[in-house]
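Encoded as structure tokens, the structure appears first; notes follow it.
FYI, it's all coordinate maths here, none of it is from the lab. Since we're looking at a predicted model, the values are computed, not measured. In this analysis, Cβ positions are derived from the backbone assuming ideal geometry, glycine residues included, and neighbour counts consider all displayed protein chains.
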């Protein structure tokens, strides 16, 4: 981290509305002696695209892991749709409507599209989770309907995920989130290692999600990807929030200076 970044005075012009879908106050996180989050306030509005940027070690990944239930904060509070929330695991986050798509999406390459689409949430013909009979016909049908809903037309529901490109896998993950009516989609470096065409498709998906009222938190090192589609830019450095402004108030060049 450069001396310039250390001298940055936080620029905060965005404040939460009376009814944000996510509001975090005073988040603190330590990993041993490392103070990874330092009294961070964060919010996301309904149907908003928040661009979250920062260099390695800035704290953005820690913040996202807390919201997605991978880690829990040591101090601070999280409110989801105005209600105090304790996000103690990924399954809790998903129940609250928060879905996370990582750079390397959590899919099993050897399994089919349909199986990955419903992994951990398989529909049953009868019985209960762990003791029922899986409705594979429904899985095949609904997975294909979900993919068509985001403009993906793949070979078939039984196609193994390992046969898909990186962009197609991201599309499956986004379609899965939409099928289960996620309210917040966290995309962690979703365009890394994708072709220009596939990158543009993923960015189009984010814009489509906004049109459907879904909130997106988009994390990327590529500021030229993140700036055009974001409504608001949040930048972090050394575990602190140093910038929180509407997109039109900051240029890509200014973002580069702040996080470099």
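Each part gets one Cα centre, and for the range 60-105 versus the range 162-185 those centres are 18 Å apart.
Here the relative contact order of the chain, from alpha carbon pairs under 8 Å that lie six or more residues apart, stands at 29 percent.
Each of residue 221 and residue 56 was given a label point 7 Å from its Cα along the Cα-to-Cβ line. The distance between the two points is 0.7 nm. Comparing the range 82-161 with the 2.2 N^0.38 Å rule of thumb, its C-alpha radius of gyration ratio is 1.25 (two decimals).
Could you work out the relative contact order of the range 100-182, using alpha carbon pairs under 8 angstrom and six or more residues apart, expressed as a whole percent?
With pairs under 8 Å counted, the relative contact order is 37 percent.
The order of 204, 84, going from fewest to most other C-beta atoms within 10 Å of their C-beta, is 84, 204.
Compared with the alpha-carbon gap, the fully stretched path from residue 31 to residue 46 is longer by 2.3 nm at 0.36 nm per residue. Once the chain from residue 154 to residue 95 is taken as fully extended at 0.36 nm per residue, the excess over their C-alpha distance is 18.4 nm. Computed per residue of the chain from DSSP H runs no shorter than four, each worth -39500 (n - 2.57), the mean residue ellipticity at 222 nm is -9000 deg cm²/dmol. Short-range pairs are left out: with C-alpha atoms under 8 Å and at least six residues apart, the relative contact order of the range 60-203 is 26 percent. A straight chain from residue 207 to residue 74 at 0.36 nm per residue would run longer than the Cα-Cα distance by 44.5 nm.
Placing a pseudo-label 7 Å from each Cα along the Cα-to-Cβ vector at residue 254 and residue 12 gives an inter-label distance of 1.8 nm. Each of 183, 197 was scored by other Cβ atoms within 10 Å of its Cβ. Arranged with the fewest first, they read 197, 183.
With neighbour counts taken as other beta-carbon atoms within 10 Å, the residues 29, 60, 148, 210 rank, fewest first, as 148, 210, 29, 60.
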